[in-house]
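Take a look at the structure set out below.
The values are calculated or read from the model by the stated rules, or taken from the named source; none is laboratory data. Predicted, not measured: the structure shown is a model, and the values here were computed from it. Positions of Cβ are backbone-derived with ideal geometry, glycine not excepted, and every protein chain shown enters the neighbour counts. In case anyone asks, the SASA skips ligands and DNA or RNA and just uses the protein heavy atoms, side chains included. Shrake-Rupley method; radii C 1.70, N 1.55, O 1.52, S 1.80 Å.
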Amino acid sequence: GHHHYTTYTMFRNQYDSDITTYSPLGRIHQVEYAMEAVKQGSAAIGVKSKTHVVLATLMKTTEELGSFQKKLFRIDEHMGIAMSGITSDARVLCKYMRNECLNHKFVYESPMQLERLVLQVSDKSQLHTQRYGRRPYGVGLLVAGYDQTGPHLYETCPSGNYYDYKANAIGARSQAAKTYLERHFTEFEDLSLTELIRHSLLALRETAQSGSSSSNKDEKDQGMHSRNVSIAICGKGQRFELIEGARVQPYLDMLDSETLAEAPEAPTDTPSTSGAPVPEKMEVS
């Protein structure tokens, strides 16, 4: 019975009961556990071109009777977020971000620059890694938008770090999506909005599949459909806009029609992709 637990990456230890306690190795375990919460949430993908940025999310449902849990939120006309992790924490940060954008618009009569807001969110998160009696936010955000300096995609982390990306994936099985994005991101720069959306969904599909594609169709929770996928777009001359429900279907249909055309190519690169990342994934999750 004992050996089962060694598969987990994290153990209870005497240094993890408190946010203010360092381990002898200089680690703060509570913060690391919060970062682990981000990996439990379902996947969110972000990609950008020279002109646009796209978010795509896979929503989870706790039970058949329940609705799917929203993962995309509009912050302002020019930006929005995708979240992975504890939804209530995301909602608190979302409210904060909306307020900051409103204040900025009121005082400066111009839209808030993305990086400035992401920095403020990170500083807010950092407080929760240092002060006693606080809990770090158990959520990762992909912040996407367009400002006077162009399109942007940032990731925020419970640790108070933030990163700027050309393309990124967070949440469960995001490593598979990252592998896809690493193979294709060099093409993204000059893509049309439609093609960018297509790539974001193909990356998202990597996280939705656990086995062979044929068995996926039978299991009711597997795969992507218009009820559990939502997309957000933003860019030059394009306000932040959510694409949800029936409006997602044409984009999902596009995946299938395109993949049929590409089918002959697929087998050639499967050995490298399915072979290499597997050991990596074991360590990550």
For Val229, other-chain or 5+-apart residues with amide H closer than 5 Å (H placed, Pro excluded) are Met59
Phi-derived 3J(HN,Hα) across the stretch 57-67 with the Karplus relation (6.51, -1.76, 1.60, θ = phi - 60°), rounded Hz, x for Gly and Pro, is 10, 10, 8, 9, 10, 6, 8, 4, 6, x, 7
Using a 1.4 Å probe on heavy atoms of the protein chains only, the accessible area for Thr51 in Å², nearest 10, reads 50
Check: in the stretch 26-157 the Lys pairs 8 or more apart or on separate chains whose Cα atoms fall under 28 Å apart number 28
Simple SL model, points at 7 angstrom along Cα→Cβ for Thr20 and Glu189; separation in nm is 5.0
Treating only Lys and Arg (+1) and Asp and Glu (-1) as charged, each at its beta carbon, one finds that the stretch 84-155 has a dipole about its Cα centre, in Debye to the nearest 20, of 380
The ³J(HN,Hα) series, computed from each phi in the stretch 33-50 with the Karplus coefficients 6.51, -1.76 and 1.60 at θ = phi - 60°, rounded to the nearest Hz and given as x for glycine or proline, is 5, 5, 5, 5, 4, 5, 6, 7, x, 6, 6, 9, 10, x, 9, 9, 10, 5
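How large, in percent, is the carbon and sulfur part of the accessible surface of the stretch 88-147 at a probe radius of 1.4 Å? Please list the in-between numbers first.
On the way: 1600 of 3210 Å².
On the stretch 88-147, the fraction of accessible area on carbon and sulfur atoms equals 50 percent.
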For Lys50, the net charge from surrounding residues (Cβ-Cβ under 13 Å; K, R +1; D, E -1) works out to -1
Of Phe106, Phe73, ordered by accessible area with the largest first and a 1.4 Å probe, the sequence is Phe106, Phe73
Shape call for the stretch 3-126, from the Cα gyration tensor axes a ≥ b ≥ c (a/c under 1.5 means rounded, otherwise prolate when a/b beats b/c, else oblate), comes out oblate
